[in-house]
Amino acid sequence: RGIPEALHRRNHFARPMMALAGEGDMILTKCGLRCLGLLLTLRSSDARPREADLEVEVHIYNYSAVPEETLTRAEHVAEEIFHPAGVKIIWLECPVTRQDAARNRICALPSARPKLELHVLTNFMADAVGTGKDTFGSAALPATLSFGVVAYVYADRARRLAEQREFNVILGRVIAHELGHLLLGSNSHSTMGIMKALWTARDLEPARGASMSFLPIEAKKIHAQILARIGPEMSSTRARLPTIN
């Protein structure tokens with residue numbers, strides 16, 4: 001299998017750790033219930049009549065050994081994170097070889113929805129990209145003002161991160177985080193919610209779903225960028241992987 005080309009710029013999601021934040025990372029927060037309370041307060045203060053969800057098409061290229069059923073559950077976790085932000089994800093499972101692509105053209109068909117690509121990679125492919133061992137996902141963000149389209153999730157590393165926890169929950173949150181980078185742009189890490197750069201062990205628990213969500217200000221920015229993407233195709237500015245044999 002071929003290996004992804006070097007990214008223009010990467011936003012990484014890293015293993016939970018007590019460390020000073022580097023550029024693009026946020027310092028680990030330990031405010032616990034106080035942060036959760038603030039998050040819920042921010043949500044309630046932003047209450048207004050709900051608009052129709054904006055739709056985004058996500059093309060998934062699964063190069064890993066993650067079973068289809070597990071990936072489907074992870075997609076549902078990511079959907080539940082985007083839903084309160086007013087975004088509906090339409091998932092398309094895409095072929096990963098030229099032979100399969102010749103038989104299945106569904107991902108090559110035109111669509112009125114903005115399109116994103118999610119590449120679920122093996123450990124070998126993640127190592128070849130050149131990311132640190134404690135990085136579990138990244139997003140390709142162009143250096144220009146064009147839109148980011150391609151995100152990567154390192155499934156084997158996410159499985160290791162999950163340990164005894166539900167793997168599909170961890171994988172779904174990593175997926176939502178990386179898609180969030182594509183829809184929020186550069187410098188989109190936050191001190192709380194799903195866009196935290198450094199997660200604590202508590203953030204990995206299934207019961208923490210309410211706190212692992214987009215902040216109201218992030219939801220507004222995501223809506224604005226989706227609306228900006230609707231229209232002419234941006235194919236000339238998309239960072240893409242070559243087809244893998």
### Task
Determine which member of the set LEU121, LEU116 is open to solvent by less than 30 Å² (accessible area, probe 1.4 Å), over 27 Å from ALA224 (Cα atoms) and of a type outside the set (Ser, Thr, Tyr).
LEU121
### Message
Pairs needed: first member in segment 116-138, at positive phi; second member anywhere, open to solvent by 20 Å² or more (accessible area, probe 1.4 Å) and small (Gly, Ala, Ser); C-beta distance under 9 Å; at least 6 residues apart or different chains.
### Response
GLY130/ALA6
### Query
Quick one: which of ARG73, ARG103, ARG98 is touching a residue at least 60 places away in the same chain (Cβ under 8 Å) and either loosely packed, with under 14 Cβ neighbours inside 10 Å or among the aliphatic types (A, V, I, L, M) (or both)?
ARG98
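To keep it simple, each residue is scored yes or no on (1) under 24 Å from ASP127 (Cβ atoms); (2) of a type in the set (Ser, Thr, Tyr); (3) touching a helix residue (DSSP H, G or I) at 6+ places or on another chain (Cβ under 9 Å).
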| residue | (1), (2), (3) |
| --- | --- |
| ARG157 | yes, no, yes |
| LEU171 | yes, no, yes |
| LEU183 | no, no, yes |
| ASN187 | no, no, no |
| MET195 | no, no, yes |
| LEU198 | yes, no, no |
| ASP203 | no, no, yes |
### Task
Return the residue satisfying two criteria in turn: it lies in segment 204-229 and is farther than 24 Å from GLY148 by Cβ and over 16 Å from the mean Cα position of the chain (by Cα), and of such residues it is least open to solvent (accessible area, probe 1.4 Å).
SER211
### Task
Within segment 145-172, count every residue that is open to solvent by 10 Å² or more (accessible area, probe 1.4 Å) and under 23 Å from HIS83 (Cβ atoms).
6
### Query
Out of (1) touching a residue at least 40 places away in the same chain (Cβ under 8 Å); (2) out of contact with any strand residue (DSSP E or B) (no Cβ under 8 Å at 6 or more places or on another chain); (3) crowded, with 24+ Cβ neighbours inside 10 Å, the odd one out for PRO142 is which?
(3)
### Summary
Filtering segment 188-203 down to residues that are part of a helix (DSSP H, G or I) and open to solvent by 20 Å² or more (accessible area, probe 1.4 Å) yields ARG202
#### Entry: Meets criteria (of a type outside the set (A, V, I, L, M, F, W, C), in a helix (DSSP H, G or I) and at pLDDT below 90) for ARG173
no
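The values are calculated or read from the model by the stated rules, or taken from the named source; none is laboratory data. Keep in mind the model is a prediction, meaning the values are calculated, not measured. Cβ atoms come from the backbone with ideal geometry, glycine included; neighbour counts cover every protein chain shown. For accessibility, only protein heavy atoms count, side chains too; no ligands or nucleic acids. Shrake-Rupley method; radii C 1.70, N 1.55, O 1.52, S 1.80 Å.
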